[in-house]
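Visitor: Below is the structure I would like to discuss, written out as structure tokens.
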Amino acid sequence: KQEVTQIPAALSVPEGENLVLNCSFTDSAIYNLQWFRQDPGKGLTSLLLIQSSQREQTSGRLNASLDKSSGRSTLYIAASQPGDSATYLCAVVVTGTYKYIFGTGTRLKVLA
Amino acid sequence: DVKVTQSSRYLVKRTGEKVFLECVQDMDHENMFWYRQDPGLGLRLIYFSYDVKMKEKGDIPEGYSVSREKKERFSLILESASTNQTSMYLCASSGQGEYGYTFGSGTRLTVV
């Protein structure tokens, strides 16, 4: 059974720091991996989608990498800002299914 | 941009009431999903549908049913609401062969 883990559960950094959020999964047979952002009391906003054949995706200050063989993905945030404060979730689609398995998220706080 | 609309942001219902949560997407997506999100438990899949009138149970279907009479609309039904169904409910959709999810903004349901 696929399990998705995100470490750390919470992270607090000063503004301007570069940071890395980690996501690991137990079954490497995935279609894709998606990173989301969730603000308190709101829905999930898609940040980056990496297909299984890709190694990384970039959008602005965000870069996500995927290493299927080791069951890992990282989300790199450059020059963090207080507006980046949110919970970040990763999710994978297991091969042969349509549905996502979610991690429990990393709660990020960027201090001004 | 794909838009997924959930009809209510906040709902308060009484124990035993029948509750309908509505979700509409505007991009002709085949797949639609209902999740609930609770602190410490993350997102858990209740039901999903990969075509009109098709439905499949997710990980926690007990106490819920769904309806998909039209491609764009996926309804979650609580037949007899109970206090343990107080939660944030999130709807998502994705296209066939394209497994990225788009989420709605969520419905915070309180059962009293």
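Visitor: Explain nothing, just the number: dipole magnitude of the range A:38-84 about its Cα centre with +1 on each Lys and Arg Cβ and -1 on each Asp and Glu Cβ, in debye rounded to the nearest 20.
Guide: For the range A:38-84, the charge dipole is close to 100 debye.
Visitor: Length gain on complete extension for the stretch B:T15 to B:S67, per 0.36 nm per residue less the alpha carbon to alpha carbon distance?
Guide: On the way: separation 52, 0.36 × 52 = 18.72 nm, distance 2.17 nm.
Using 0.36 nm per residue and subtracting the Cα-Cα distance, I get 16.6 nm.
Visitor: Using only the alpha-carbon atoms of the protein assembly as shown as identical scatterers, what base-10 log of I(q)/I(0) does the Debye formula give at q = 0.14 Å⁻¹?
Guide: For the protein assembly as shown, the Cα-only Debye profile gives -0.87.
Visitor: Please get the size of the charge dipole for the protein assembly as shown, origin at its Cα centre, with Cβ charges of +1 on Lys and Arg and -1 on Asp and Glu, quoted in debye to the nearest 20.
Guide: My answer is approximately 400 debye.
Visitor: Next up: Given charges of +1 on the Cβ of Lys and Arg and -1 on the Cβ of Asp and Glu, with all other atoms neutral, how large is the dipole of chain A about its Cα centre, in debye to the nearest 20?
Guide: 200 debye
Visitor: Right, here's the next one. On a C-alpha basis, how far is the centre of the range A:50-83 from the centre of the range B:71-97 in Å? Whole number, if you could?
Guide: When both Cα centres are located, 29 Å separates them.
Visitor: If you don't mind, another one. Of A:G16, B:A92, B:L11, which is farthest on the positive side of the dipole of the protein assembly as shown, counting Cα position, with +1 on Lys and Arg Cβ, -1 on Asp and Glu Cβ, and the Cα centre as origin?
Guide: B:L11
Visitor: Would you mind estimating how fast chain B diffuses translationally, via Stokes-Einstein at 4 °C and 1.567 mPa s with the Kirkwood radius over Cα pairs, in µm²/s?
Guide: On the way: Rh = 13.9 Å.
For the chosen part, D equals 93 µm²/s.
Visitor: With Cβ to Cβ distances under 9 Å as the rule, what net charge do the other residues near A:T87 carry (K, R +1; D, E -1)?
Guide: Charge balance in the 9 Å sphere: +1.
Visitor: Next question, about the same structure. Compute the distance in nm between two label points, each set 7 Å from the Cα along the Cα-to-Cβ direction, one at B:L41 and one at B:D28.
Guide: A separation of 3.8 nm, rounded to one decimal place.
Visitor: So if I restrict to the alpha-carbon atoms in the range B:1-44, what is the Rg, and what is Dmax, the biggest pairwise distance, in Å?
Guide: For the range B:1-44, the Cα-based Rg and Dmax read 13.3, 38 Å.
Visitor: Within the set of other residues whose C-beta is less than 13 Å from the C-beta of A:S12, count the net charge using Lys and Arg as +1 and Asp and Glu as -1. Walk me through the numbers before you get to the answer.
Guide: Values: positive: A:R107, A:K109; negative: A:E15, A:E17, A:D84.
Residues close to A:S12 contribute a combined charge of -1.
Visitor: From the phi angles alone, apply the Karplus equation (6.51, -1.76, 1.60; θ = phi - 60°) to the range A:58-72 and give each ³J(HN,Hα) in whole Hz, x where the residue is Gly or Pro.
Guide: Going residue by residue, I get 10, 8, x, 8, 9, 9, 10, 10, 9, 10, 5, 4, 9, x, 9 Hz, with x marking Gly and Pro.
Visitor: Return the distance in nm (one decimal) between the two label points of a simple spin-label model at B:N84 and A:T45, each offset 7 Å from Cα along Cα→Cβ.
Guide: 3.5 nm
Visitor: If you don't mind, there's one more thing I want to ask. With θ set to phi - 60°, apply the Karplus curve 6.51 cos²θ - 1.76 cosθ + 1.60 along the range B:33-49 and write out the HN-Hα couplings as whole Hz, x wherever there is a Gly or Pro.
Guide: Once rounded to whole Hz, the list reads 9, 10, 10, 10, 10, 10, x, x, 10, x, 8, 10, 7, 8, 8, 9, 9.
Visitor: At 0.36 nm per residue, minus the direct Cα-Cα distance, what do A:S28 and A:S53 gain on full extension? Give it in nm, one decimal, please.
Guide: 7.8 nm
Visitor: Under a GNM of chain A (C-alpha, springs under 10 Å), which listed residue has the highest mean-square fluctuation: A:P82, A:P14, A:P40?
Guide: Looking only at A:P82, A:P14, A:P40, the biggest GNM fluctuation is shown by A:P40.
Visitor: Based on the alpha-carbon set only, what is the convex hull volume of chain A divided per residue, in Å³?
Guide: 93 Å³
Visitor: Something else about it: Tally Lys and Arg at +1 and Asp and Glu at -1 over the other residues with C-beta under 12 Å from the C-beta of B:S7: what net charge comes out?
Guide: +1
Visitor: For B:K71, which lysines qualify as cross-link partners when the Cα separation must be under 24 Å and same-chain residues fewer than eight apart are set aside?
Guide: Straight-line reach from B:K71, under 24 Å: A:K99, B:K3, B:K18, B:K53, B:K55, B:K57.
Visitor: Turning to a different aspect of this structure: If you take the C-alpha gyration tensor of the range B:7-70, multiply each eigenvalue by 5 and take the square root, what semi-axes do you get, largest first, in whole Å?
Guide: Each semi-axis is the square root of five times an eigenvalue, giving 20, 15, 13 Å.
Visitor: Restrict the search to the range A:26-112; then list the trypsin sites (Lys or Arg not before Pro) that DSSP places in a loop and that have at most 13 other Cβ atoms within 10 Å of their Cβ. Walk me through the numbers before you get to the answer.
Guide: Details: sites: A:R37, A:K42, A:R55, A:R61, A:K68, A:R72, A:K99, A:R107, A:K109; in loops: A:K42, A:R55, A:R61, A:K68, A:K99.
For trypsin sites (Lys or Arg not before Pro) across the range A:26-112 that sit outside H, G, I, E and B with at most 13 neighbouring Cβ atoms in 10 Å, the list reads A:R55, A:R61.
Visitor: Over chain B, with a Gaussian network built from C-alpha contacts below 10 Å, which listed residue (B:V12, B:V24, B:V52) shows the highest mean-square fluctuation?
Guide: B:V12
Visitor: Taking chain A as a Gaussian network, Cα atoms linked when under 10 Å apart, which of A:S59, A:S73, A:S28 shows the biggest mean-square fluctuation?
Guide: A:S59
Readers should treat all values here as calculations from the given coordinates under stated rules, not as data from a laboratory. Note that the structure is a prediction, hence the values are computed from the model and not measured. Neighbour counts are summed over all protein chains in view; Cβ atoms, including those assigned to glycine, are modelled from backbone coordinates with ideal geometry.
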